[in-house]
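The values are calculated or read from the model by the stated rules, or taken from the named source; none is laboratory data. Computed from a prediction, not measured in an experiment: that's the story for all the values here. FYI the Cβ positions are ideal-geometry reconstructions off the backbone, even for glycines, and counts take in every protein chain you see. Heads up: the accessible areas ignore ligands, DNA and RNA and are worked out on the full protein's heavy atoms, side chains in. Shrake-Rupley method; radii C 1.70, N 1.55, O 1.52, S 1.80 Å.
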Amino acid sequence: MRTIAASSTFSPANYTPTKISVRSDNVIPLCMKSNTKPAFRGLRVKVKVEAPVKNINDYIYRQNFTIRSFEIGPDRMATIATLLNHLQDSIANNISAAGLLGDGFGATPEMTKRNLIWVVAKMQVLVDRYPAWGDVVQIDNWFSDASVKNGTANHWLLRDANTGETLAQANSVWIMMNKKTRKVSKFPEEVRAEMAPITMDYCVSDDIKISKLHDNTADFVQTGLTARWSDLDINHHVNFAKYIGWILENVPILKTHELFDLVLEFKRECREGDGLKSFTTFIEHGGNAECQHMLQLENGSEVMRGRTKWRPSI
């Protein structure tokens, strides 16, 4: 394996927008050109030197959605939740379009046999521009190898479907959990074989490390949070988009700034009835700001840690 230096910027010039509703025949993800290896902002990409050559467009799944009026708010919280929900849906749609959908959210037939489900371990979202009411957003989704042994990586590119302008990009790592025991599982070779036709042969390695936030150093603390039935997803734990609302309520600059960089690292699942506390530290950098977050069960167990970066609202 060798490491390729990541690009620090994204160039929309690498793209040729097309109107495609399912799998794309003419799309280049993120900073890729047709004759180059992949590069991701803020990440390092490890590529097998003798990896077999295959058209990268064969791996891309594409779908569109329209931003509705109730998904737009002055503090962007509703829009962020909307984007995350559509990102999650595109994974299941990608697997379904490949003919691999078993029982449950994105579970393959071999996963269903073993009572396995996907759970997100880590995610980063970078926002260039928030979509407006009525905008049609185009999502490109694809899988690749992950830097963790028992996981897979998933990536998204969001663009304005009419202009091709880049709106956001995201990367994530997913692992497997046994639906009955609720314990993390190894990645079965049978599942890996199922996923191979839609998994790109490179590995995105994440350099971002989030240190644990101790409750006695937090600038803001919110208590009394409770996971309700309506917060759960198909796997009967809290939908990761719900965590965003819990951590952002502690940010003191929601009215003057907008979120442009979000990193989440999940430590354990949160289920119906669980009580939580939300901790936040806040640091200003000129006109921008950075926050560190932690969600903790009432018994002290860490559920999630996160980092957010903010810029003045336009």
### Query
Share of Cα-Cα pairs in region 198-314 beyond 24 Å, in percent?
32
### Task
Report, to two decimal places, the Cα Rg of region 252-310 normalised by 2.2 N^0.38 Å (N = number of residues).
1.26
### Query
Probe 1.4 Å, all protein chains in place: accessible area of residue 145 in Å², nearest 10?
50
#### Entry: Alpha carbon convex hull of region 57-164, volume per residue in cubic angstrom
125
### Message
Using all alpha carbons of region 118-265, what is the percent of pairwise distances in each 5 Å bin, ordered from the shortest bin to the longest?
### Response
2, 7, 13, 16, 19, 18, 13, 8, 3, 1
### Task
Using only alpha carbon pairs under 8 Å that are at least six residues apart, calculate the relative contact order of region 133-277 and give it in whole percent.
20
### Where labels lie 7 Å past Cα in the beta-carbon direction, separation of residue 267 and residue 184 in nm
1.3
